[in-house]
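Notes to accompany the following structure.
Coordinate-derived values only; no laboratory data. Just so it is clear, the structure is predicted and the values come from calculations on it, not from any experiment. Reconstructed Cβ throughout: ideal geometry from the backbone, glycine too, with neighbour counts over all protein chains shown.
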Amino acid sequence: MSLLNVDNVTHRYPTTVSALPVLNGVSLDVEAGSVVAVVGESGCGKTTLGRLVVGLVKPMTGEVRYEGKDIWALPKREWEVYRRSVQVVHQDPYSSLNPGLTVEGTLKAALLHHHIVRRNEVRAELFRLLDLVDLEASASFLRRYPHQLSGGQRQRLVIARAMGLRPRLVVADEAVSMLDVSMRVSVLDLLLSMRSEQQLAYVFISHDFGVVRYFARTGRILVMFFGVVVEEGPSEQVITHPRHPYSFVLLDAIPVPDPTLARRRRSEATMQAEERVTGEPATTGCVFSNRCPYVEDKCRHEAPPLVEVVPGQDHRAACWFPERVPDLRSLVEASLPGLGAEVGGAQDGNAREGSADDATSGNGPSPAWFGLAGDGRAHTIAPGAQPS
């Protein structure tokens, strides 16, 4: 039995004016200790799906089941257990923390509410959580407010708050999108280490295939387009052998550092899709038909089912002509070598940091400041800033 099942859910917000629902017949299975990544462009319904999983939104139709039970039919005591067992790491570490609460207040409230530890053990548990996420485990740090923390420290605090309840499933909604590149691997490695140590499962939401490939290499990927799951399968299979045109276009559009290679790799399919990038999602037939480079009349009138396209691989796509989608193994190796290579060891010192002293101003090149989170870049360029 799966840890969590999302079964054919459809949802529409009361203020939605679009003809399409935010989620349209979406299904998702999460096994204990597994990673499921949800990928798609902004507005495709990823965050709404995450909110349904956490229990913040009730779907209009369909079910969300935890250990085989519909979460919206749980008695109060079991509902509280579910809410404690499924936690979320929000996208924005700036708005997901109460600015009026110290670090201690942020972490302590949930521990006491859910009776995780006794009141006389709270301080020791707070230090354990701070140490778990590589933050300073000291009384002075517990007295800090969110505005006194860097972006990376805030995100680690959000992770500590979620892990303090000892969950079994964590929904990570764009958990590293607002962090410096040099901090991303560190936070992702932290989440992965907790998975192996605590047998955590993750629903990892992102629009960045590089991050997804690093985090969910042994997991599964769901590709969403305007509320519809258009492809699902093992991570490497979806990334190197996409069977839906939308997955192909997303991957083919990833920039590569070599301009010559970038020009050579441009496919006719991608250029055709770029001409239609502003096209509205179709309300009949395949939802991607208005943008698809391989569209046929059948696509405009009949919605394709999500069916297995690679025998024995549990790889499914909602496309009438999956055989037309090219493989991308060589392209992926050039554009997605792995997030660790992208960072290039910036965590081990300042090898990739530039010097602010070398930046020019006036009519020359625009000045640029590089560095790690909390190094003072914002104060350097703040209007009216005065040196101390």
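Observations
- Sorted by Cβ density within 10 Å, fewest first, the residues Thr48, Thr102, Thr61: Thr61, Thr102, Thr48
- Eligible lysines near Lys76 by straight Cα distance, threshold 22 Å, same-chain separation 8 or greater: Lys58
- For Trp320, Trp79, order by how many other beta-carbon atoms lie within 10 Å, fewest first: Trp79, Trp320
- Farthest positive-ward along segment 151-263 dipole, Cα basis, beta-carbon charges - from Val223, Val181, Gln155: Gln155
- Among Phe248, Phe321, a tally of other beta-carbon atoms within 10 Å of each Cβ gives an order, fewest to most, of Phe321, Phe248.
- Set of segment 94-127 residues, backbone N closer than 14 Å to the point 7 Å along the Cα-Cβ line of Leu56: 94-98
- What you get for segment 109-261, charging only the Cβ of Lys and Arg (+1) and of Asp and Glu (-1), is a dipole of about 780 debye around the Cα centre.
- Computed over neighbours whose Cβ is under 11 Å from that of Glu232, the net charge equals -1, Lys and Arg +1, Asp and Glu -1.
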